[in-house]
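Asks: Please see the structure below; I have some questions.
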Amino acid sequence: MDGNGITGATASEIAASVRALHERGALRRGDALPPVRELAAQLQVNRNTAVAAYRLLAHAGVVTARGRAGTVIAGVEAVAQEGYAQDSVLRDIGTGNPDPRRIPQPSAALAGAIGRPVLYGEPVIDPALEERALAWVRDDLPDQTVRITVTNGAVDAVERLLAQALLRDDAVALEDPCFLASIHTVRLGGYRAVPVPVDAEGMTVDGLRAALAAGVRAVICTPRAQNPTGATLSPARAAELRAVLADHPYVLVIEDDHFSMLSQRRYETLIGPGHRRFALIRSVSKFLGPDMCLAVAATDPETAERLAFRLSPGTTWVSHILQRLVLAQLTDETALREIADAGRHYAERNRDFAAELTVRGLPAEPADGLNLWVELPVQARTVAERLMRRGWLARTGDEFQLAEHPEPSHHLRLTVHDLTAEESARLLDDLVDAAR
């Protein structure tokens, strides 16, 4: 026994000792454990025994491996969340929300969605919705045999997909900067996030190649309207990434096409014809509203079978009323026109705001999605603080970074599509002044 209190001669005994110290409060969140070699010498055990002990602890969620930073006691880390800031008197321009006035009204479709009661043991997917979902993805994955799974939104789909394929402490490639919900899902699952840089054409080839060399077992990618940057995969970049993944056909590729029916950009994919583990997720939250918690996941047959075990009737299925309501709206010509109009509206508002910023000496490029990703000549936190004094609540790029010790961000993610003309003019002036 040493001053750190860890004891044991076998991997299970060492792991039990660390767990006991943690439960008694002797080891707390963020406390570092001895390096493997040091622990093995301390306890006079083989190095592999110490490695196995730390692996058991990682799988149990007790510790987190942080590369060169070592192994530390895990905890629930706070992650910024999407949506409106609570209890703020400031005008929130970082919400990432769709415009509620641009969401089709579901009242007319609701009556027809009720139908007969669905009982235990019945199919978990509404057959008509399954057929519509297959039509939605078939042209985008023409070389693949796909099956449809319905989940309670995209985040639920990602969580289930990772859980059926990975163990705690497995590595997952994430875009950097990254969608907040993906960061949260990976951390809560106990997986290790491996950052892959994003540029204007999407995930970088060198970044993905490095992540695969680091042993990632899953890749989460946003093919268009990447959040927060708005980047969309170019055809050339997508082809390069597929070529890199061709040597890793069993790495799970998850594409979160969250902006699908609103996007003004063409869909490109990382999923090549020979890839064996994949999922294309399309949720309805951006165009039918965040409270319409439904997504369809088009996956390879084996992944679909594994997901089916996690969607048992009566416990974790998606409400058939919700499924029918979504189907009714996705097959209603009026609702589809409203969705198409909303997509054009978001693109036009972002383009106009970016053009005005550029005219005023702060160059900005509109990409795709609900937000603008604005590069600044000074640190984003400085600009955000100055904007607060002018009545604005902005979201800095720091919240979306994955690196352990990143440089301060020089970006703001702005949600401007719902501003009035007067608000837009005032924000443009304030933003340019704050960035000086």
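Asks: For the range 182-272, just say rounded, prolate or oblate: build the C-alpha gyration tensor, square-root its eigenvalues into a ≥ b ≥ c, call rounded for a/c under 1.5, and beyond that prolate if a/b exceeds b/c, oblate if not. Please report the intermediate quantities before stating the final value.
Replies: Working: a/c = 1.75, a/b = 1.20, b/c = 1.46.
Because a/c hits 1.5 or more and a/b fails to exceed b/c, the range 182-272 counts as oblate.
Asks: Using just the helices of the chain, give the 222 nm mean residue ellipticity in deg cm²/dmol: DSSP H runs with n ≥ 4 each add -39,500 (n - 2.57), and the total is spread over all residues, rounded to 500.
Replies: Working: 15 runs with 170 residues, N = 436.
Rounded to the nearest 500, the figure is -12000 deg cm²/dmol.
Asks: Still on this model: Measure off, as a whole percent, the carbon and sulfur share of the 1.4 Å-probe accessible area of the range 167-275, all protein chains present. Mind showing how you got there, number by number?
Replies: Details: 1970 of 3790 Å².
Looking at the range 167-275 in its full context, I get 52 percent from C and S.
Asks: Just check the range 225-373 against the gyration tensor rule for me: Cα atoms, a ≥ b ≥ c as the square roots of the eigenvalues, rounded for a/c under 1.5, and otherwise prolate or oblate depending on whether a/b exceeds b/c. Don't skip to the answer; put the middle values down first.
Replies: Values: a/c = 2.64, a/b = 1.26, b/c = 2.09.
Here the range 225-373 falls in the oblate category.
Asks: Given Val118, Tyr84, Pro106, which one lies farthest toward the positive end of the charge dipole of the range 1-126, if we put +1 on the Cβ of every Lys and Arg and -1 on the Cβ of every Asp and Glu?
Replies: Towards the positive end, the residue furthest out is Tyr84.
Asks: If you work out P(r) over Cα pairs in 10 Å bins from 0, in percent from the coordinates, which of (1) 4, 22, 31, 27, 13, 2, 0; (2) 4, 19, 26, 25, 17, 7, 2, 0; (3) 5, 21, 29, 24, 14, 5, 1, 0 do you get?
Replies: Among (1) 4, 22, 31, 27, 13, 2, 0; (2) 4, 19, 26, 25, 17, 7, 2, 0; (3) 5, 21, 29, 24, 14, 5, 1, 0, the one calculated here is (2).
Asks: What whole-number value in Å² describes the accessible area per residue of the chain for a 1.4 Å probe? Could the numbers behind the result be given before it?
Replies: Numbers: 20230 Å² over 436 residues.
Accessible surface, normalised per residue, equals 46 Å².
Asks: Classify the range 138-232 as rounded, prolate or oblate, taking a ≥ b ≥ c as the square roots of the eigenvalues of its Cα gyration tensor: rounded when a/c is under 1.5, otherwise prolate if a/b is larger than b/c and oblate if not.
Replies: Note, shape of the range 138-232 comes out rounded.
Asks: If the only charges are +1 at each Lys and Arg Cβ and -1 at each Asp and Glu Cβ, what is the size of the charge dipole of the chain around the Cα centre, to the nearest 20 debye? Provide the component values of the computation, followed by the final result.
Replies: Numbers: 47 positive and 57 negative charges, 177 e Å.
Magnitude of the dipole: close to 860 debye.
Asks: Among Gly115, Gly190, Gly94, determine the one that fluctuates most according to a GNM of the chain built with springs between C-alpha atoms less than 10 Å apart.
Replies: Evaluated over the chain, the most mobile residue of the options is Gly115.
Asks: Which one of Pro366, Gly343, Thr415 is farthest out on the positive end of the charge dipole of the range 324-425, using unit charges on Cβ (Lys, Arg +1; Asp, Glu -1) and the Cα centre as origin?
Replies: Checking the options against the dipole of the range 324-425, the answer is Thr415.
Asks: Next question, about the same structure. Note down the net charge around Val51, summing +1 for each Lys or Arg and -1 for each Asp or Glu among other residues with Cβ under 15 Å from its Cβ. Mind showing how you got there, number by number?
Replies: Details: positive: Arg37, Arg47, Arg55; negative: Glu13, Glu38, Asp169.
Local net charge: 0.
Asks: For the range 6-72, give the percent of accessible area contributed by carbon and sulfur heavy atoms, probe 1.4 Å, rounded to a whole number. Intermediate values should be presented prior to the final figure.
Replies: On the way: 1770 of 3790 Å².
Answer for the range 6-72 is 47 percent, counting heavy atoms of protein chains only.
The values are calculated or read from the model by the stated rules, or taken from the named source; none is laboratory data. Computed from a prediction, not measured in an experiment: that's the story for all the values here. Cβ sites come from the backbone with ideal geometry, for glycine too, and all protein chains shown count toward neighbours. Note: areas computed on protein heavy atoms with side chains; ligands, DNA, RNA excluded. Shrake-Rupley method; radii C 1.70, N 1.55, O 1.52, S 1.80 Å.
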